[in-house]
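For reference, the structure is listed below as structure tokens.
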């Protein structure tokens, strides 16, 4: 006898039983496949710590949910409706940590990389190599999981972007806070020309100060791209907005999410 539709159990119960809860953003078949594979690849005592596509297991929240469930306000302020929707809908998949800094075409979803790392059995203390690192998604995700990595790319810009996004994870937030108020000073600094920037960066004292200048330079290059497409705003105006976005994103991550990480790769 046929069942009424409301009596038919969800197929998810057959995949995971009823002790798990997927993240609300998991709605693609490939995500369900990856969720299934990572769930069955990890030891039970590592599920809460490592799972990428799950909100809870046995009523306990996963680390991924706890770290990234906040509204990505700094990342979406002043953005277009479509861009806001992209990051708000992708808070667990694309917009967390420093992954959302600088738009880079063709990048992987960080959440996908995390699941693949789980599936192939890479653990803390292991090393991965990304020979075409692009924007550094795999390397940043590995670092957040306590896994060491090497990043290689022929593009000097990709090398720079990966290094900046990785280093930003460990900037002192108190030193970074308020850097957007120095946007005019930094804009003039970066407007000196390629040779001048490189020489002057080498003279900056302090590891954190150099990280901040390099993060600001990435924002400068990011806003330069916008300035070529947006006629109603100057490069300086766009740089101020982008730098404020970078500042807020990094400070929010370090203060609210980084404490959940015991070992940093």
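Laboratory data are not the source of any read-out in this text; all were calculated from the coordinates shown. Just so we're clear, the structure is a prediction, and the values are computed from it rather than from any experiment. Because the Cβ atoms are built from the backbone with ideal geometry, glycine has one as well, and the counts that use them run over all protein chains shown.
Pairs of Cα atoms under 8 Å, at least six residues apart: use those to get the relative contact order of the range 194-255, whole percent.
Reported relative contact order: 26 percent.
For the pair the range 243-265 / the range 185-241, the C-alpha centres are spaced 21 Å from each other. In terms of surrounding Cβ atoms within a 10 Å radius of their Cβ, 64, 69 rank from fewest to most as 69, 64. Note that the range 218-260, at 25 °C in a medium of 0.890 mPa s, gets a Stokes-Einstein diffusion coefficient of 220 µm²/s from its Kirkwood radius over C-alpha pairs. Between 178, 134, 248, the GNM of the chain built on Cα springs shorter than 10 angstrom shows 178 fluctuating the most.
Computed from Cα positions, the angle between helix 29-41 and the longest principal axis of the chain comes to roughly 80 degrees.
The C-alpha atoms of the chain define a longest principal axis, and helix 110-120 lies at about 50 degrees to it.
Fewest-first ordering of 114, 262 by other beta carbons within 10 Å of each residue's beta carbon gives 262, 114. Per-residue Cβ neighbour counts within 10 Å put 245, 55, 61 in the sequence 61, 55, 245, beginning with the fewest. Each Cα pair under 8 Å and six or more residues apart adds its sequence gap; the mean of these over the residue count of the chain is a relative contact order of 19 percent.
Working from label points 7 Å from Cα in the Cα-to-Cβ sense, the residue 229 to residue 188 distance is 3.1 nm.
Working value for the range 13-260: equivalent-ellipsoid semi-axes of 34, 19, 16 Å, each the square root of 5 times a Cα gyration tensor eigenvalue, largest first.
Annotation: the antiparallel percentage among DSSP beta bridges lying fully within the chain is about 55.
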